[in-house]
Amino acid sequence: MFAWELDDGSKGIELLHSSGLPSGAPNRTQTWFSPLDSGWGLAIESLYIGAPFEFIGAFVYDAKGQPRWVVGDSNSNTGGSIQLTGHRPHCPGCPWIADWSSDSQPAGRLQLGYQGQSAGTLGTSIQLPPPYRGGWMREALPIQPVAPPVQ
């Protein structure tokens, strides 16, 4: 389930389904967080679509303390530096919306490193695009999945 609430007061909840695409190997699909700095984190979907592919949603807070998100993807399952983009407040997994690509704005980078399937490090250099304000800077925090990813 994915629950959302927008600044205009609209809100809802959606039942999420598997994409039906084959999982990555290793499969790191899960919500990840840092026990040292909890309350924010990543949603990672590991896929194999002829090559490794990971879609990442980073959930952070803006300068007013409101929850925001930025997204990125990688053609790797080994982490590394990932370019992020921000969008108007559509749901993070809604790239099928007609104007999805036209409203994309650069939002910084994250540095993701994995140690096995259930541990890693995360650094962020996020600057939220207008109309939001704020940055989210972290260096090499240890991260772990909320639950073990599916094997």
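The figures follow:
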read-out: Residue-normalised accessible area of the range 17-83, given per residue in Å² at a 1.4 Å probe; value: 49
read-out: Area accessible to solvent at residue 14, 1.4 Å probe radius, in Å²; value: 60
read-out: Gain upon complete extension [residue 103, residue 51; 0.36 nm per residue less C-alpha separation]; value: 16.0 nm
read-out: By accessible area with a 1.4 Å probe, ligands and nucleic acids excluded, highest first: order of 68, 109, 133, 138; value: 133, 109, 138, 68
read-out: Calculated FRET value between residue 21 and residue 62, using beta carbons and R₀ = 22 Å, to 0.05; value: 0.10
read-out: Whole-percent carbon and sulfur share, accessible surface of the range 26-84, 1.4 Å; value: 55
read-out: Cα centroid of the range 115-147 to Cα centroid of the range 17-71, whole Å; value: 10
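The values are calculated or read from the model by the stated rules, or taken from the named source; none is laboratory data. Keep in mind it's a predicted model, so treat the numbers as computed, not measured. Methodologically, a virtual Cβ is constructed for each residue, glycine included, from the backbone with ideal geometry; neighbour enumeration extends over all protein chains shown. Quick note on the areas: whole protein, heavy atoms, side chains included, nothing else; ligands and nucleic acids left out. Shrake-Rupley method; radii C 1.70, N 1.55, O 1.52, S 1.80 Å.
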